[in-house]
1. Among 148-160, 22-34, how do they line up by average Cβ neighbours within 10 Å per residue, starting with the highest?
2. 222 nm [θ] for the chain, helices only, -39500 (n - 2.57) per DSSP H run of 4+, per residue, to 500?
3. How much FRET efficiency would the formula 1/(1 + (r/R0)^6) give for Asn175 and Ile24, where r is the Cβ-Cβ distance and R0 is 41 Å, rounded to 0.05?
4. Between Glu134 and Val104, what FRET efficiency follows from the Cβ-Cβ distance if R0 is 41 Å, with the result rounded to 0.05?
5. What distance in nm lies between label points placed 7 Å from Cα along the C-beta direction at Leu42 and Arg287?
6. Please say if the stretch 123-213 is rounded, prolate or oblate, where rounded means a/c under 1.5 for a ≥ b ≥ c the square roots of the C-alpha gyration tensor eigenvalues, and otherwise the choice is prolate for a/b larger than b/c and oblate otherwise?
7. Across 5 Å bins from 0, what is the distribution of all Cα-Cα pair distances for the stretch 1-151, in whole percents?
8. Please state the shape class of the stretch 1-85: rounded when a/c is under 1.5, otherwise prolate if a/b exceeds b/c and oblate if not, all from the C-alpha gyration tensor.
Amino acid sequence: MYSIGLDFGTESVRSVLLDIEAGIVIADSVSLYPSGTNGVILDAKNPHLARQNPADYHECLVKVVRDVVKKAGTKNRKFNPSKIIGIGIDTTGSTPLPVDEKMVPLCFHAKFKGNKNAMAYLWKDHVSADEAEEITQIARRKRPEYLAKIGGVYSSEWFFSKLLYIARHHKSVFNATASFMEICDYIPAVLSGKTNPKETLRSICAAGHKAMYSEEWDGLPDEEFLSCVDRSFRDIRKKLYTKAYPAGIQAGFLSQEWARKLGIPKGIPISVGALDAHMGAVGAGGRPG
């Protein structure tokens, strides 16, 4: 039996095909994002800006999966794609992407084509430093428990500071967005053929410190706190989610459309996604204790 691992990084998509029974990698592949500079869309006027084109995720995903399947067949005559029993996904984070009600990235719309502010806000996008500081100060006064689990300071690299920046500086994008999706949630949903952000399973790995999610306070920060952060956040929870899940839970099954694109059988279970550094620790042998 085999599984496919996909890593959506800062510059590329990487894939491995694993022989689960032998515990070895039998093929791997890398595809560099074609957009921007080394896969990152920059702005000469703002050195803190770092965005990505989600079209690159789709294009490079197809390349690496087709490549590992081809390599596996060449190296091992016994290999058969029908024996692939799972797909696991990790990505950078926090890398939120504005999507419409059908889960189409806003930057795919003619109105927002080429608009950096409607693309994926890469983890190292730091334009929201002021917003992050403001969230930190409000949390210290009103919800110190939100900060207790994340080191005491909210970061400009994280989910709500980026959303707040969009709400204040790019209102047309914010108002047109049906939901903001971490890439580790977006990719499993796309592969599963889901077309509604509300039907997608969200990663607790990304929801935790990135979005101050905890089951202790019933999920995401409460509406009162978010309204104190900014009036534009008054109904932000309606655009997001109420529950998050760990990797290993099935996010869906590979759709017929994506099975055809990738050259593997439809119906393969797809895990809930997670963040790259966290999965890297697991892959390196990290265990409780």
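1. 148-160, 22-34
2. -9500 deg cm²/dmol
3. FRET efficiency, Asn175 to Ile24: 0.25.
4. Given R0 = 41 Å and the Cβ-Cβ separation, E is 0.85.
5. For the pair Leu42/Arg287, the computed spacing is 4.4 nm.
6. The shape class here is oblate.
7. With a bin width of 5 Å, the distribution comes to 2, 9, 14, 15, 14, 12, 12, 10, 6, 4, 2, 1, 0.
8. prolate
Laboratory data are not the source of any read-out in this text; all were calculated from the coordinates shown. Quick caveat: nothing in here was measured; it's all calculated off a predicted structure. Here the Cβ is made from the backbone with ideal geometry for all residues, glycine too, and neighbour counts use every protein chain on show.
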